[in-house]
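Beneath this line is the structure, given in structure tokens, with notes to follow.
The values are calculated or read from the model by the stated rules, or taken from the named source; none is laboratory data. Since we're looking at a predicted model, the values are computed, not measured. Ideal geometry is used to build each Cβ from the backbone, glycine not excepted, and the neighbour counts take in all protein chains shown. Ligands, DNA and RNA are stripped out before the accessible areas are found, and what is left, the full protein with its side chains, is counted by its heavy atoms. Shrake-Rupley method; radii C 1.70, N 1.55, O 1.52, S 1.80 Å.
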Amino acid sequence: MSNTDEITQEQVELFYKKLKSDAETNGYLLNPDTGFVYDLIRGLLTNIQRYGYQACPCRLASGNKTADLDLICPCDYRDSDLNDYDACYCALYITKDVAEGKKKLSSIPDRRLNEEQRNLRNSGQTETAGKPLPYPVWRCKVCGYLAARTDPPGVCPVCKATKERFERFM
Ligand code: SF4
């Protein structure tokens, strides 16, 4: 495929079903505006075609997967934005309060760290108070789940983010 025109409605609906099921399994809610969500899904599918990974449809990806890991949907910023703004940056995910009409969506500033900040965050630590830890601690950058083990888990048991979304925390 070479452009969005080739993304079929069937593909979009299939993707939507899986996204909705994953969201519900993990305690998240998709925006109830299905047409809006379909448009975002077209963006995600386009990015999969273009880059080989589902970069956020509302941000500009670099095409370098390692550099864009924080932008792979669900991005590292989803949960913080849900906490602070009741929706992720794209408003693909929303909180229960928004779903129930108790809160309205407002514009959300992009909290993505700049490159230098991201590199710093990814540098990690190997010791605490001068004492080496028996195991490194890995943090899921999507949901914050922590795991002390030799290597990061293959899949986050909480949000299902893949191994590459973990960072060395301690
Ligand atoms: S969670 Fe929302 S803001 Fe983050 S990548 Fe997905 S659509 Fe974009």
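Worth a mention:
- With all protein chains kept in place, the per residue accessible area of the chain amounts to 58 square angstrom at a probe of 1.4 angstrom.
- Taking Cβ separations below 4.7 Å as the criterion for a possible disulfide partner, the isolated cysteines in the chain are Cys56, Cys73, Cys75, Cys88.
- Cross-link partners of Lys65 among lysines (Cα-Cα below 18 Å; sequence separation of 8 or more within a chain): Lys141, Lys163
- Principal axis dimensions, the stretch 17-57 - Cα atoms, whole angstrom, descending: 29, 20, 15
- Karplus-derived 3J(HN,Hα) values for the stretch 151-160, using 6.51 cos²θ - 1.76 cosθ + 1.60 with θ = phi - 60°, are 10, x, x, x, 9, 5, x, 8, 10, 6 Hz; glycine and proline are entered as x.
- Net charge contributed by nearby residues that have their C-beta within less than 13 Å of Tyr16 (K/R +1, D/E -1): -2
- Distances between placed amide hydrogens fall under 5 Å for Val137 paired with Phe169, Met170, all partners being 5 or more residues away or on another chain.
- The stretch 66-90-the stretch 149-170 distance, computed between alpha-carbon centres (Å): 17
- The chain - percent of accessible surface contributed by carbon and sulfur, probe 1.4 Å: 50
- Evaluated over the chain, the Cα radius of gyration and Dmax, each in Å: 17.2, 57
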